[in-house]
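What follows is a single structure, written as structure tokens, with notes after it.
The values are calculated or read from the model by the stated rules, or taken from the named source; none is laboratory data. For clarity, every value in this text was computed on a predicted model and none was experimentally measured. Quick reminder, even Gly has a Cβ in these numbers, built from the backbone with ideal geometry, and neighbours come from all protein chains shown. Just so you know, the surface numbers come from the protein's heavy atoms only, side chains and all, with ligands and any DNA or RNA stripped out. Shrake-Rupley method; radii C 1.70, N 1.55, O 1.52, S 1.80 Å.
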Amino acid sequence: MARFIDPLYTNNFLDANIFDEIADGQNKAVQELLRIYHEENITLILPYSVQAELEDPNTPEAVRKASQSFNYSIKVTLTKGEHQLYERLLAEITGDSEPKNIARDLFHVFEAQKNGGGHFITRDKRLLKRSDAIADLLNIEVMTPESFVSKVREAKERELEFLRRKEQWRG
């Protein structure tokens, strides 16, 4: 059985592409994600490496503004072992395709796991398609906002069940 990474007790990272939907305000899962973030104090962070994407002059102002209420991780130098792990990740995930097509996006995920990330929330189909392989190497789950919201609900149910059992045991 796979280990349950609890989104209530880990750092969770957002990909820059989520901010298109935050700015648009129409996606129900993203609206729920924001509600959870603001009302239930779940940790949502941006990898420092997405900052350049969000600050690009071609990025719509609404998208830039939507990202301003989130904190960024801090750039930290990779160790030799981390460089080797990233190179292994890149080799295994890209396979025969050109690494330059996914390298930057994979680095966002790599940085998220380096900073204690349990989840990387994205709409990037290439990353989502390879989520199992990424999880095997980095122990971080790459998922859509919808999947993440479901996982948060599951974690809250687990927490309530634990508290019920604890009270029964004390009873």
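Kindly indicate whether residue 132 is open to solvent by less than 60 Å² (accessible area, probe 1.4 Å) and of a type in the set (D, E, K, R).
So residue 132 fails the test.
So in region 66-116, with the set limited to residues that are of a type in the set (Gly, Ala, Ser) and in contact (Cβ under 8 Å) with a residue 40 or more places away in the chain, which one is nearest to residue 129 (Cα to Cα)?
By that ranking, first place goes to 112.
How many residues are in contact with a strand residue (DSSP E or B) (Cβ under 8 Å, 6 or more places away or on another chain) and closer than 20 Å to residue 123 by Cβ when one looks only at region 6-42?
Going through region 6-42 one residue at a time, the tally reaches 11.
Might you let me know whether region 88-111 holds any residue that is touching a strand residue (DSSP E or B) at 6+ places or on another chain (Cβ under 6 Å), closer than 21 Å to residue 43 by Cβ and of a type in the set (A, V, I, L, M, F, W, C)?
The answer is yes, given that some residue of region 88-111 is touching a strand residue (DSSP E or B) at 6+ places or on another chain (Cβ under 6 Å), closer than 21 Å to residue 43 by Cβ and of a type in the set (A, V, I, L, M, F, W, C).
For region 96-113, what are the residues that are open to solvent by 60 Å² or more (accessible area, probe 1.4 Å) and within 13 Å of residue 138 (Cβ to Cβ)?
none
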